[in-house]
Amino acid sequence: MDQYLKATPAIEADHPLIRQKTAELTAGAATERDKVVRLFYFVRDQIPYNLFMISMHPDDFRASFVLEAGKGYCVQKAVLLCALARAAGVPSRLALARIRNHRVPPKIRQRLGRNEFPGHGYNQFLLDGQWVSAAATFDAALCQRVGVPVVEFDGRTDAMLPDKALDGGPYIDYVERYGHFADLPLDFITERTSKIWGKDKRSWLRPEDDTGFP
């Protein structure tokens, strides 16, 4: 179980910024479940989803980098949430899947040439003796804009991206689940995502970083 509590180069559970933010967010929380729920909602909404933060570089996945950037894509958000939970003393791990998103905006779909994403990341937490999954991927503001349900998490049941949009149309398909990981499997991720984004892709921190991909 120690492997799900220790810090790693990406999951920086011992980084001063991560420990400080964890202490701030969990102050007064009575249980581990309460702590994780608070951390989930912070990452879901205060670290807005940004597809163009995708990167092939390990520095762009460090939890402290994501926290300071204040935005991220699913894997980066999952790394940050994993680090925060471990800093709170809750065993946590990453999980990966291949998903199909039927609500990808037309401009993004045209640019990427697809609506399938081979490296979707989410989290699993050990609470009351069982692993519970949660996807803090899309912030509430984004969900409202595109007309999809916001993922809610109570720390008791799995909280995954839903299969239906608010209008009843298709939203997310989990095409393939790759399993769970104690540390960030960057090579596994970049092997798949580099085919879409290129091997040198870095996180776009400013609008001018968009150089016309692909």
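Of the residues making up segment 51-75, those that are without any contact (Cβ under 8 Å) to a residue 60 or more places away in the chain and of a type in the set (S, T, N, Q) number 1. Selection of first residues in segment 78-89 that are within 8 Å of Ile18 (Cα to Cα) and at pLDDT 95 or above and of second residues that are of a type in the set (Asp, Glu) and surrounded by fewer than 24 Cβ atoms within 10 Å (Cβ to Cβ), restricted to Cβ pairs under 8 Å at least 6 apart or on distinct chains, gives the following pairs, ordered by first then second residue: Ala87/Asp14.
Hey, can you tell me all the residues within segment 34-71 that are in contact with a strand residue (DSSP E or B) (Cβ under 6 Å, 6 or more places away or on another chain) and of a type in the set (Val, Ile, Thr)?
Of the residues in segment 34-71, the ones in contact with a strand residue (DSSP E or B) (Cβ under 6 Å, 6 or more places away or on another chain) are 36, 40, 47, 53, 66.
Those that are in contact with a strand residue (DSSP E or B) (Cβ under 6 Å, 6 or more places away or on another chain) and of a type in the set (Val, Ile, Thr): Val36, Ile47, Val66.
Once segment 124-141 is narrowed to residues that are of a type in the set (S, T, N, Q) and more than 14 Å from Leu39 (Cβ to Cβ), the residue that is surrounded by the fewest Cβ atoms within 10 Å (Cβ to Cβ) is Gln130.
Kindly evaluate Gly121 against the criterion of being of a type in the set (Gly, Ala, Ser), surrounded by 12 or more Cβ atoms within 10 Å (Cβ to Cβ), part of a loop (DSSP other than H, G, I, E, B) and touching a strand residue (DSSP E or B) at 6+ places or on another chain (Cβ under 7 Å). Answer is no for this residue.
Would it be correct to say that Ala165 is buried (at least 17 other Cβ atoms within 10 Å of the Cβ), closer than 22 Å to Val66 by Cβ and not charged (D, E, K, R)? When the stated conditions are applied, Ala165 does not pass them.
Any idea which of Leu96, Leu80 is over 9 Å from the mean Cα position of the chain (by Cα) and not charged (D, E, K, R)?
Leu96
Figure legend. Inter-residue proximity from segment 164-183: first residues part of a strand (DSSP E or B), second residues surrounded by fewer than 13 Cβ atoms within 10 Å (Cβ to Cβ), beta-carbon distance below 6 Å, spacing 6+ or different chains. Indicated pairs: Ile172/Asp163.
Please verify whether Tyr49 is under 23 Å from Lys195 (Cβ atoms), among the aromatic types (Phe, Trp, Tyr) and touching a Cys at 6+ places or on another chain (Cβ under 9 Å), treating the condition exactly as stated. Outline the logic, then answer.
On the way: under 23 Å from Lys195 (Cβ atoms): yes; among the aromatic types (Phe, Trp, Tyr): yes; touching a Cys at 6+ places or on another chain (Cβ under 9 Å): yes.
Criteria met by Tyr49.
Among what's in segment 184-214 and is in a helix (DSSP H, G or I), of a type in the set (Asp, Glu) and over 21 Å from Glu116 (Cβ atoms), pick the residue that is modelled with the lowest pLDDT. It comes out as Glu208. The set of residues in segment 2-45 that are exposed (fewer than 13 other Cβ atoms within 10 Å of the Cβ), assigned to a helix (DSSP H, G or I) and at pLDDT 95 or above comprises Gln3, Pro16, Gln20, Ala23, Glu24.
The values are calculated or read from the model by the stated rules, or taken from the named source; none is laboratory data. Predicted model only: the values in this text are computed from it and were never measured. No Cβ is skipped: glycine too gets one built from the backbone with ideal geometry, and neighbour counts run over all protein chains shown.
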